[in-house]
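Report on the structure given below.
The values are calculated or read from the model by the stated rules, or taken from the named source; none is laboratory data. Model, not experiment: these values are computed from the prediction. Cβ placement follows ideal geometry from the backbone for every residue including glycine, while neighbour counts extend to all protein chains displayed. In case anyone asks, the SASA skips ligands and DNA or RNA and just uses the protein heavy atoms, side chains included. Shrake-Rupley method; radii C 1.70, N 1.55, O 1.52, S 1.80 Å.
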Amino acid sequence: MSIPHGLLALLRHGPMYGYQLRAEFEHATGSTWPLNIGQVYSTLTRLERDGLIEPQATDDEGRQRYALTAAGVSTLGEWFAKPVTHADRPRDELAIKLALASTTPGLDVQAIVQTQRVATMRRLQDLTRLKQEPGDVGGLAWSLVLDHLRFSAEAELRWLDHCEGALLKAASAERTRPPVLEDAAAPEPTEERAR
Amino acid sequence: MNALDLHQVDRIHGQGNAAVHALRGLTIHVAAGELVAVMGPSGSGKSTLLNLAGGLDRATAGSVKVDGVELGDLSPKELARLRRHKVGYVFQDLNLIPALTAAENVSLPLELDGVRRRPARAAAEAALAEVGLVDLADRLPADMSGGQQQRVAIARAVVGDRSLILADEPTGALDSETGEQVMRLLRDRCAAGVATLLVTHDAAHAAWADRIVFLRDGAAVDDTGARPVAESLLTGA
Ligand SMILES: Nc1ncnc2c1ncn2[C@@H]1O[C@H](COP(=O)(O)OP(=O)(O)OP(=O)(O)O)[C@@H](O)[C@H]1O
Ligand SMILES: [Mg+2]
């Protein structure tokens, strides 16, 4: 997830200081990706170094506010214009775990699938409860993020069903493999050589 | 007291070589006001479970209680009465009566239970309104879409004063908006104290439940209500 671009997008509304940016970010994304204030300040420092934002006069309470520069506006515009590519996303630990589990001897992969299924289902229950909550907690932005999370959880559950099916199929193919194959690989009868 | 208690239930269909063990030692409780979803692969015993809970089928072994009443102890007549009075059922294949209109289908269980025609009709119209079908009250099932028929079946299950609703894939033919509307309706009934056991393949709908029970080969393998215990899956770890 791109924190720099997120902060640039928020600054498009007007100059803000660090704590304000953190609050706005969490409001828009329903605290899905909590930011600590240290991350916000180090990102602001980098954005300033790169000429994408500039410090403003401090406000009445002495807080440092930042504004977008022209370069910042165009970087932000490019970010919105470009699709998110696969390489931008973090590696999916679950896919890696199941892939490796399927090749690890002596492991009950179905148990791994079921454990994950229950965990993901619980998550979907929690997200569904949030969706039912009355009132407008984070507005449209948060509701769209929430829908994304729900649909991802659903997709993960479908994928787990698919993995389970594939594993069962592979296991039964293993069991019914014709013994002829093993015979072919067996060494020649020793009688012949003994002579 | 629970609205539904299944304790160590077995159900074997058929005999001898043809015997199918549809449920094996299944224990499930549903409290009043609770919405429990059941998920599992085709053939895992979900419909068998609902049929037993609704008194449409009898357990081979074990105990099935609705509102504390052991169904195995009831005569067929008492069982039929309990079904009409306490249990609302949405069948996987809907089971609407083709010769009756939507409103007549919905009011039928009330009338069979002795409610007079006029109040029964009013209750039926209210239930149809809840599923967004008030304008179709006088249509025959054959003249409705699959999703509309499904909603009539749901209205029939929730009409009146039931303590237990059993729903077998009630959202199967519905678009996501209407499916969500049905889930909201079931949740509202639960908030009013009704217990619901819902079978669904749709994770988005199951997620509305308080608990999800996973069935496999006739046994419950997991329950999202139980807290997880992490243990190593590798021996020698
Ligand atoms: N009347 C019957 N006679 C014999 N076997 C039956 C009968 N009813 C169900 N079965 C078998 O019992 C098992 C469980 O069936 P059940 O209908 O409960 O499955 P289900 O989980 O509802 O499946 P689906 O998701 O396909 O509706 C299946 O193997 C089925 O073939
Ligand atoms: Mg079924």
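Look at segment A:142-163: where a residue is more than 9 Å from every other protein chain (Cβ to nearest Cβ) and a partner is not in a helix (DSSP H, G or I), sitting 6+ places away or on another chain with Cβ atoms under 6 Å, you get A:Trp142/A:Gly30; A:Val145/A:Gly30; A:Val145/A:Thr32.
Quick one: which residue in B:Gly72, B:Gly68 is surrounded by fewer than 18 Cβ atoms within 10 Å (Cβ to Cβ) and on the phi > 0 side of the Ramachandran plot?
On the way: B:Gly72 fails: on the phi > 0 side of the Ramachandran plot.
Of the residues listed, the single one that is surrounded by fewer than 18 Cβ atoms within 10 Å (Cβ to Cβ) and on the phi > 0 side of the Ramachandran plot is B:Gly68.
With a requirement of 2 or more residues that are more than 17 Å from B:Ala102 (Cβ to Cβ), the helices (runs of 4 or more DSSP H) lying completely within segment B:119-237 that satisfy it span B:176-191, B:203-206. Taken over segment A:1-13, the criterion of being part of a helix (DSSP H, G or I) and not small (Gly, Ala, Ser) is satisfied by A:Ile3, A:Pro4, A:His5, A:Leu7, A:Leu8, A:Leu10, A:Leu11.
Tell me yes or no: at least one residue of segment B:46-62 is buried (at least 20 other Cβ atoms within 10 Å of the Cβ), assigned to a strand (DSSP E or B) and within 16 Å of ligand 2 (Cβ to nearest atom). No. Within segment B:154-182, the set of residues being closer than 19 Å to B:Val66 by Cβ, within 16 Å of ligand 2 (Cβ to nearest atom) and of a type in the set (D, E, K, R) comprises just one member, B:Asp168.
Within segment B:142-184, if we keep just the residues that are within 16 Å of ligand 1 (Cβ to nearest atom) and aliphatic (A, V, I, L, M), the residue that is nearest to B:Ala207 (Cα to Cα) turns out to be B:Ala167.
Are there any helices (runs of 4 or more DSSP H) wholly within segment A:14-132 with 3 or more residues that are assigned by TED's automatic domain parsing to the domain that holds A:Trp142 and either within 29 Å of A:Ala155 (Cβ to Cβ) or open to solvent by 50 Å² or more (accessible area, probe 1.4 Å) (or both), and if so which?
Numbers: elements: A:18-29, A:37-49, A:70-81, A:93-101, A:109-132.
Hits in segment A:14-132: A:93-101, A:109-132.
Pairs meeting the criteria (first residue in segment A:105-121 and facing another protein chain (nearest Cβ under 8 Å), second residue assigned to a loop (DSSP other than H, G, I, E, B) and among the β-branched types (Val, Ile, Thr), beta carbons under 8 Å, at least 6 apart or on different chains) are A:Gly106/B:Thr235; A:Val118/B:Thr224; A:Met121/B:Thr224.
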